[in-house]
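Below is one structure; the comments refer to it alone.
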Amino acid sequence: MRQVNRYTDIDVKTVDGGRLIIMLYDGAIRFLKEAAVACRKRDFKKKGTLIGRAERIVGELQACLNFEVGGEICKNLDQLYSWMILHLTEANLKTSAEHCERVVSILSTLRDAWETAVNQLRQEKAADPGLDAR
């Protein structure tokens, strides 16, 4: 287990910002899928732990928003992340798998959009190596 953590640590330290955001989305999605299962099993402790982890990730995504660069998109994401955190709080209080799944659906859409953008940027950089220098 320690070896896996070391590799994960190296991956996080060497990954670019776009890939890191995708990793955060992946983590939140995974935790919420597991939380939905825990809700259905009425495993209150596990559900609470998993939802809490997802809430912290969504909070981190929200804290990373750069309103100066992102403008209106950041404002919209900020509101969406706030809604998600509220919805996850409700999911925890009501032991609601459905609440978790609604947030997973939104996070999955955002994650896919980020992956598309990151891949497109990577292709543009490969086509124009001077792009990084600009």
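The values are calculated or read from the model by the stated rules, or taken from the named source; none is laboratory data. Since the structure is predicted, the reported quantities are computational estimates derived from the model, not experimental observations. Glycine also receives a Cβ, built like all others from the backbone with ideal geometry; neighbour counts cover every protein chain displayed.
Listing for the model above:
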item	result
Test for Thr95: is it modelled with pLDDT of 90 or more and over 20 Å from Gly27 (Cβ atoms)	yes
Cβ pairs under 6 Å, 6+ apart, first in region 109-132 and more than 14 Å from Asp16 (Cα to Cα), second surrounded by 12 or more Cβ atoms within 10 Å (Cβ to Cβ) and modelled with pLDDT under 85	Leu131/Lys125
Filter result (over 19 Å from Ala35 (Cα atoms), more than 13 Å from the chain's Cα centre (by Cα) and either part of a helix (DSSP H, G or I) or not polar (S, T, N, Q) (or both)) within region 48-77	Phe67, Glu68, Val69, Gly70, Gly71, Glu72, Ile73, Cys74, Lys75, Asn76
Criterion: crowded, with 16+ Cβ neighbours inside 10 Å and at pLDDT below 95 - qualifying residue of Val69, Val58, Val118	Val118
